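Read through the structure below, which is laid out as structure tokens, and then see the notes.
The values are calculated or read from the model by the stated rules, or taken from the named source; none is laboratory data. Bear in mind the structure is a predicted one, so any value in this text is a computation, not a measurement. Cβ placement follows ideal geometry from the backbone for every residue including glycine, while neighbour counts extend to all protein chains displayed.
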Amino acid sequence: ILNVEQSPQSLHVQEGDSTNFTCSFPSSNFYALHWYRWETAKSPEALFVMTLNGDEKKKGRISATLNTKEGYSYLYIKGSQPEDSATYLCAFNPGTYKYIFGTGTRLKVLA
Amino acid sequence: GAGVSQTPSNKVTEKGKYVELRCDPISGHTALYWYRQSLGQGPEFLIYFQGTGAADDSGLPNDRFFAVRPEGSVSTLKIQRTERGDSAVYLCASSLAATDTQYFGPGTRLTVL
């Protein structure tokens, strides 16, 4: 059974703080790792697709890194803003259409 | 362009009733997926369509669940004799091809009383 874990489950940070969270996934049969941001009552938004070991991707204040050998990815948010409040999901793709999701990290940014 | 849409956004039903959940994918996306997210869990795969056919329905929990995509666009997930354990958010996603990034709709929150 392929297991994807995310930590922490939830966190609260103050506006302006930087934060990061982790996605752990199987190091075998790796094809891609996806990060999504899911705000309440909206569609999960695709943030990044990570495919190569050592990949680092950036979108505004959000960036992500990938280590396929040890099976983890970090998501960083610099200078958190209240609009960053959401659940951040990672999805492991072993080369099929069956994404395997973590349980998500619920971020709340306090103004 | 329009993203994936799902209707209804919320559905409350009674145990034993039949429900239908609709998904309208991004135009031109041949691959369509249904996932279910139960409380405290990540989304779990239910079924994958390539065009009109269900290429993989191995995630459907039992024979009360069925999905169709008759014209290769809109899909309907059908649940018969609903049970309280069916309460969850049902997400639909679509992609150009099976290994491409999946784009999700906002989900249907199903509550079975």
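When B:48, B:18, B:33 are checked against the criterion of being at the interface with chain A (Cβ under 10 Å from one of its Cβ atoms), within 16 Å of residue B:108 (Cα to Cα) and hydroxyl-bearing (Ser, Thr, Tyr), B:33 stands alone in meeting it. In segment A:52-103, the qualifying residues are those that are within 14 Å of chain B (Cβ to nearest Cβ), surrounded by 14 or more Cβ atoms within 10 Å (Cβ to Cβ) and part of a loop (DSSP other than H, G, I, E, B), and the one that is nearest to the chain's Cα centre (by Cα) is A:102.
Being within 8 Å of chain A (Cβ to nearest Cβ) and at pLDDT 95 or above holds for only one residue in B:105, B:85, B:3, and it is B:105. Anything in segment B:41-70 that is touching a Ser or Thr at 6+ places or on another chain (Cβ under 7 Å) and outside any strand (DSSP E or B)? List them, or say none. Once the filter is applied, which keeps residues that are touching a Ser or Thr at 6+ places or on another chain (Cβ under 7 Å) and outside any strand (DSSP E or B), segment B:41-70 yields B:41, B:42, B:51, B:69, B:70. No other residue among B:17, B:11 is in a loop (DSSP other than H, G, I, E, B), farther than 20 Å from residue A:87 by Cα and modelled with pLDDT of 95 or more apart from B:17. Condition check for residue B:49 on (1) in contact with a strand residue (DSSP E or B) (Cβ under 9 Å, 6 or more places away or on another chain); (2) on the phi < 0 side of the Ramachandran plot; (3) at pLDDT below 95; (4) not β-branched (Val, Ile, Thr): one failure, at (3).
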